[in-house]
1. Just to be sure before I move on: is Val62 β-branched (Val, Ile, Thr), free of Cβ contacts under 8 Å to residues at least 60 places away in the same chain and surrounded by fewer than 23 Cβ atoms within 10 Å (Cβ to Cβ) in the structure I sent?
2. What is the residue count in the range 85-121 for residues that are without any contact (Cβ under 8 Å) to a residue 24 or more places away in the chain and either under 20 Å from Val32 (Cα atoms) or in contact with a strand residue (DSSP E or B) (Cβ under 8 Å, 6 or more places away or on another chain) (or both)?
3. I'm trying to understand the selection: among the residues of the range 17-67, which are closer than 30 Å to Arg108 by Cβ and aromatic (Phe, Trp, Tyr)?
4. Mind listing whichever residues of the range 113-140 are under 18 Å from Gln77 (Cβ atoms) and either touching a Cys at 6+ places or on another chain (Cβ under 9 Å) or not in a strand (DSSP E or B) (or both)?
5. Return a yes/no flag: does the range 41-50 have any residue that is at pLDDT 95 or above and within 19 Å of Asp96 (Cβ to Cβ).
6. Could you tell me whether any residue of the range 39-59 is assigned to a strand (DSSP E or B), touching a Gly at 6+ places or on another chain (Cβ under 9 Å) and of a type outside the set (D, E, K, R)?
Amino acid sequence: MIDIGANLSNPTFDNDLAEVLQRAKDAKLQAVIVTGTSVESSKAALALAEQQPNFLYATAGVHPHDADSYNNDIEKQISAMLGNSNIVAVGETGLDFNRNFSTPDNQRHAFEAQIALANHYQKPLFLHERDAFEDFHSII
């Protein structure tokens, strides 16, 4: 069994991360994929994965909530991480029109750009969709 969406780089785990990981191992998890939702959290996820090779892995990407920040510099930083073998997917990416923390146009742009990165690096996508099925489906 693999946990594919662990937000272990969140500061709420600062005090008990070792215990959380031990419980995962005790529960016979084979691997945990730490989710990246921004450049910063992707870097943190990668750092965690490098501390526990062959158990922790990471994703690198920009969540739809943070799509307003997506630009060429962000894309270059995400792209640089995708060459690392500990990064196993692009994302969390997609569309979330529920609260529109980022504009729908910026979400679409970031989503399409990250699909292109996934194709370039031959990595799977870690997808997110909420209240945006029609646009999501047409982009995919």
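1. Spelling it out, it is not the case that Val62 is β-branched (Val, Ile, Thr), free of Cβ contacts under 8 Å to residues at least 60 places away in the same chain and surrounded by fewer than 23 Cβ atoms within 10 Å (Cβ to Cβ).
2. 1
3. The answer is Tyr57, and nothing else.
4. Answer for the range 113-140, where residues must be under 18 Å from Gln77 (Cβ atoms) and either touching a Cys at 6+ places or on another chain (Cβ under 9 Å) or not in a strand (DSSP E or B) (or both): Ala113, Gln114, Ile115, Ala116, Leu117, Ala118, His120, Tyr121, Lys123.
5. Yes, that holds for at least one residue.
6. In the first step, residues of the range 39-59 are kept if they are assigned to a strand (DSSP E or B); the result is 56-59.
So of that shortlist, the ones also touching a Gly at 6+ places or on another chain (Cβ under 9 Å) come out as 58-59.
Cutting the leftovers down to of a type outside the set (D, E, K, R) gives us 58-59.
Yes, the range 39-59 contains at least one residue that is assigned to a strand (DSSP E or B), touching a Gly at 6+ places or on another chain (Cβ under 9 Å) and of a type outside the set (D, E, K, R).
The values are calculated or read from the model by the stated rules, or taken from the named source; none is laboratory data. Everything numeric here is computed off the predicted structure, so don't read it as measured data. Note that each Cβ is placed from the backbone with ideal geometry, even for glycine, and that neighbours are counted across all protein chains shown.
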